[in-house]
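Laboratory data are not the source of any read-out in this text; all were calculated from the coordinates shown. As the structure is a prediction and not an experimental result, all values here were calculated from the model. Neighbour counts run over all protein chains shown; Cβ positions are idealised from the backbone, glycine included.
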DNA sequence: CTTAGCACTCACCATAACCGAGTGCTAATA
DNA sequence: TATTAGCACTCGGTTATGGTGAGTGCTAAG
């Protein structure tokens, strides 16, 4: 992007001002609030250029300018100086009571932490069942032909799967098979388990075929079987009511649009998936991505890991007009805290 | 309530009209749309009486009248004729794909069913862990001092509880204890288990004390440990975005208020609890109850059972101005379907 | 290239006028 | 005595009008 020093300074000032006030920015305001040693008229000329280049837009002819998505992108990529998280807020994150004991609960608490810090909507995507390593696999015979498969991951994620057994395969058989299968399947991800299961079936057609086919058929996969399909993780969404206090979303139709988007979780999940491998914090702005294209809505996302392996992603959703220099470190720090928590034994 | 025939007819007409149009009802409208053989002036006199008695209110002097909460209460208790559910809708409920396989999923699907039928917000309260009978209890030793308690109810509700064992109590011990404890504890509700556990501890101080105390301490209870406390069931809420299309809630502040109320789930849970033992469908209107007192918001609630035992409640939340004669049978029928599903083996 | 000056635009706000649905009251009527 | 017709009155909603001010684009001078 060929912007000279001065234009960049002005663009930066405009965005900062707009982020702070939510008001369209005029040329006078710029010269007054930011000491640039330049007259309003000059600023106007440059603003006209910036508008031509697609960085600014006018709500109407006689209003000030407003940054476009393109401007935010440029701002984040080259203009933004991310401040370190103030000591006090860092403490707040560290001391937030995140309990490991129950996994779903941990996810919920994390969304709440994100929401309360950023005042936007916190989201956390749980690890995908298909890609988490399960340390323990256990089969519990129930009454009749029913049995329960229990999967427990290193990090304490528990998944259950109800199985309907072959009539010829009794509860007693299951109990015997249990040890063997636990040994064979534990320490593997779901995909790896599938592979191993087909191997086993090839090796020994007779013994466990009955059980194993059931296991494969019934999805064989733990996790919520929602419309999103079992291969995706579950999405936890924080306090949506934060949205009501954001001036950008004062409009009922806008809020409605956002809520609808939240109810179609799979699109949001796809977007969060794209941040899964990236290092550090990523920002998605408004309409620039096909998965969650809503004018004026941005996502700040980071992945969390357990012992180096990516588990899932978390972040906040808010207006594009967002104080990125504070929100980014918040998301970053929260991801680190969650990572540490997941890595602890 | 001493209302003569004619006054009741007029009140009924007013409420019906208001439910249908969401507009304040004037005296002329009544005489035109409902053949009561009476002049507007007479209607006005009666309306004045009804207002004095607290059944009607005027938004402002020169507007028509609007029913109060008291009017809706009277309407539901004595005026309403609930129609049978039309064949077609009944089929829709019956054929809705409710899967028993995964319990949480079943709850979610049920909220969705309620929402899509009523166009209001469907809610389903899951059985309280403390009061469900668990058919199977199983302890799964994990690595280190950790172990998992798995509870499975008759209806297929699965709950997990992570335990931290006494160091002196090994995984091997647990395996041995497993059979014994499963036998002792299965077929009981949580409360009953607690009793039995204390009994066991009295009988035999040495053997399982280590495990049992951990079990009791860690809450010993399955279920989500949210702010609502473990003794309450979990609440599933359907598609909230239905709220945006309800004219009564066109106002941003009103919607905000409702969303806040939803985020404080425990109050809603307390209210739903009150309907747990009642037979049939119950209606809670606006501010008439202390747990969820929101002007203009009503709940239609019924309980669902498995083999005669109450499991939980479900219903819809919408404006007090609600076509009760269609919503009530919808809730009723859904509760019956869910009950049947839970009773099937 | 920058800047002062100036005419122009347009959302926003307040005021005023009008309309109409609806009311309460009174007096006539059955 | 209960009902009804008639009428003046109320008041929210809509539309028209004009003023205000922040902001712009353009032009010409520095």
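Does a label point 7 Å from the Cα of residue A:263, set along Cα-to-beta-carbon, have any residues of segment B:307-345 with amide nitrogen under 16 Å, and which are they?
B:316-319
When the C-alpha atoms of the protein assembly as shown are aligned to their principal axes, what extent does each axis show, in angstrom, from largest down?
Its Cα atoms span 83, 78, 48 Å along the three principal axes.
I'd like the mean, over residues of B:275-285, of how many other protein chain beta carbons sit within 10 Å of each residue's own Cβ.
Mean shielding count: 0.
Could you check the spin-label model distance between residue B:168 and residue A:39? Points 7 Å from the Cα along Cα→Cβ, value in nm.
9.0 nm
Going by the alpha-carbon gyration tensor, a ≥ b ≥ c the square roots of its eigenvalues, is chain B rounded (a/c under 1.5) or, if a/c is not under 1.5, prolate (a/b greater than b/c) versus oblate?
Here chain B falls in the prolate category.
Relative contact order for segment A:1-136 using alpha-carbon pairs under 8 Å, separation at least 6, rounded to a whole percent?
So the answer I get is 16 percent.
According to a simple spin-label model (label point 7 Å from Cα along Cα-to-Cβ), what is the distance in nm between residue A:28 and residue B:344?
Here the modelled spin labels are 7.2 nm apart.
Put a point 7 Å out from Cα along the line to Cβ at residue A:344; what are the distances to that point in the other copies, in nm, shortest first?
Here the equivalent label points are 4.4 nm apart from this one.
What ranking, highest mean first, results for peptides A:334-344, A:55-65, A:288-298 when packing means the other Cβ atoms within 10 Å averaged over each residue?
A:334-344, A:288-298, A:55-65
Let me confirm one metric for peptide B:146-157, namely the mean number of other chain beta-carbon atoms within 10 Å of its residues' beta-carbons.
3
Using a label point 7 angstrom from Cα along Cα-to-C-beta, what distances in nm, from shortest up, separate residue A:21 from the other copies?
Between copies, matching label points for residue A:21 lie 4.8 nm apart.
Note down the relative contact order for chain A as a percent, whole number, built from C-alpha pairs under 8 angstrom at least six residues apart.
Reported as a whole number, the value is 19 percent.
With r defined as the distance between the Cβ atoms of residue B:336 and residue A:277 and R0 fixed at 51 Å, what FRET efficiency is calculated, to the nearest 0.05?
Efficiency computed from Cβ-Cβ geometry: 0.55.
Please state, as a whole number in µm²/s, the translational diffusion coefficient that the Stokes-Einstein equation yields for segment B:24-128 at 25 °C and 0.890 mPa s, with Rh defined as the Kirkwood radius across alpha carbon pairs.
Estimated via Stokes-Einstein, D reaches 140 µm²/s.
Residue B:325 to residue B:99: FRET efficiency via 1/(1 + (r/R0)^6), r the Cβ-Cβ distance, R0 22 Å, to the nearest 0.05?
Plugging the Cβ-Cβ distance into 1/(1 + (r/R0)^6) gives 0.10.
Between residue A:323 and the same site in the other copies, what are the distances in nm, shortest first, taking label points 7 Å from Cα along the C-beta direction?
For residue A:323, the other copies' label points sit at 4.9 nm, shortest first.
How large is the convex hull of the C-alpha atoms of segment B:5-79 per residue, in Å³?
84 Å³
Got the relative contact order for segment A:5-79 handy, in percent, Cα pairs under 8 Å and 6 or more residues apart?
33 percent.
For segment B:58-97, just the Cα atoms, rotate onto the principal axes and tell me the three extents in Å, largest first.
Its Cα atoms span 50, 21, 15 Å along the three principal axes.
For a Förster distance of 25 Å, can you work out the FRET efficiency between the beta-carbons of residue A:84 and residue A:116, rounded to the nearest 0.05?
0.80
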